[in-house]
Amino acid sequence: MDDMQAVNELDGLQGYAFVDGRYMPLAEATIPLVERGFLRSDVTYDAIHVWKGRFFRLHDHIARFQASIAGLKMSLPYSAEEIADILTECVRQTGLRDAFIMLICTRGVTPPGTRDPRLCRNRLYAYAQPFARIANEAQQRDGLKMILAKTQRIPSAALDQRIKNFHWLDLTMSMYEAFDRDADLTVLPTADGAITEGPGFNVFIVKNGALATPDHGMFEGITRRTVMEIAADLQLRCETRKVAAQEVADADEIFICTTAGGVSPVTTYEGRKVGDGRPGPLSTRIHDLYWRRHDDDALNTPIDYAPRPTA
């Protein structure tokens, strides 16, 4: 790829960013080449969305982000309220009513002559861009095709998956398995044959009217939390436990959940139909109730898009 192609790709980016204290168009946002977040994947992040001009569960996302920062022995000179203001400004600058937001903390740049991460100044980055979904409109309607990856998920004993991270090579390589097998996505196993998660989403199965979702080896998503709350409201049994791969194959319904699109049905697993091959009734009901929660004032934070006064 030559420089002109690279420039053209950046020109196509829509969005606005906050880069270590400065605001700018997303196409202009960069990080230092020697940033440990880039060189060592020494970074944590959170993904948030805006729907109809309101952040969904903003304060839950920021609280989780701050917990991840603390878990990696990082710190930032921003309060939760200041982080919320930064994200609001990024969205306001785009004018987007439906947006996908990334909130990132990196270790920073190691001073010359040392590799000591304690000497780095941790950095905050954020950006807002148009809302994106894992599943397109046809996949939302007809369902996704999933396979069980041969690639194992990085074990929690090596890396606490409850801290959101960019250690994605296991997830990325599993995606190539899906492409090679004419599938849309994968779920990754552990060494003992349980399932964990897929690239950017949690997994639920439904059997005999009860839900189950893995309790280890994966990131505990805010959308996953919302689904569990919906299940409680519906008085459905929802177990967080070890889920064997065979249980997925035998499930009546399968669905995934993620900030990037909410709840999406899986209608083909390992080349075979799930149920009757159509989105199941519980998956559909939970999908609808998830989006209905975007009308709940207690879970949503409105954005003021009015121009801010200049100094």
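Listing for the model above:
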read-out: Part-to-part distance (alpha-carbon centres) for the stretch 51-75 and the stretch 126-205, which is given in Å; value: 21 Å
read-out: Prolate/oblate/rounded call for the stretch 107-149, Cα gyration tensor, a/c under 1.5 rounded; value: oblate
read-out: Cα→Cβ-extended label distance, 7 Å offset, between ASP142 and ASN208, nm; value: 3.4 nm
read-out: Neighbour-count order for ARG141, ARG225, fewest beta carbons within 10 angstrom listed first; value: ARG141, ARG225
read-out: Lys, Arg +1 and Asp, Glu -1 on Cβ, resulting dipole of the chain about Cα centre, debye, nearest 20; value: 540 debye
read-out: Cα-based helix-to-principal-axis angle, 222-233 vs the chain, degrees rounded to 10; value: 40 degrees
read-out: Vicinal HN-Hα couplings computed from phi for the stretch 76-83 (Karplus, 6.51 cos²θ - 1.76 cosθ + 1.60; Hz; Gly/Pro x); value: 10, x, 10, 7, 4, 5, 5, 5
read-out: Structure-derived Rg/Rh (Cα atoms, Kirkwood Rh): which label, when the choices are [x] 1.04; [y] 0.97; [z] 0.95; value: [y]
read-out: Rounded, prolate or oblate (a/c below 1.5 giving rounded, otherwise prolate when a/b exceeds b/c) for the stretch 3-130 by Cα gyration tensor; value: oblate
read-out: The stretch 137-295, relative contact order in percent, only Cα pairs under 8 angstrom and at least six apart counted; value: 25 percent
read-out: For the stretch 110-119, Karplus couplings with θ = phi - 60° (6.51, -1.76, 1.60), whole Hz, Gly/Pro x; value: 6, x, x, x, 8, 10, 6, x, 5, 8
read-out: Calculated FRET value between GLU82 and ALA132, using beta carbons and R₀ = 25 Å, to 0.05; value: 0.45
read-out: Principal-axis tilt of helix 58-71 within the chain, Cα atoms, nearest 10 degrees; value: 80 degrees
read-out: Residue among GLY21, ILE83, ALA70 farthest towards the positive dipole end of the chain, charges placed on Cβ; value: ALA70
read-out: For the stretch 120-136, 3J(HN,Hα) per residue [Karplus equation, 6.51 cos²θ - 1.76 cosθ + 1.60, θ = phi - 60°, Hz, x = Gly/Pro]; value: 7, 8, 5, 10, 10, 10, 7, 7, 10, 8, x, 4, 10, 10, 5, 9, 6
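Since every read-out is calculated from the coordinates, none of them should be taken as a lab result. Computed from a prediction, not measured in an experiment: that's the story for all the values here. No Cβ is skipped: glycine too gets one built from the backbone with ideal geometry, and neighbour counts run over all protein chains shown.
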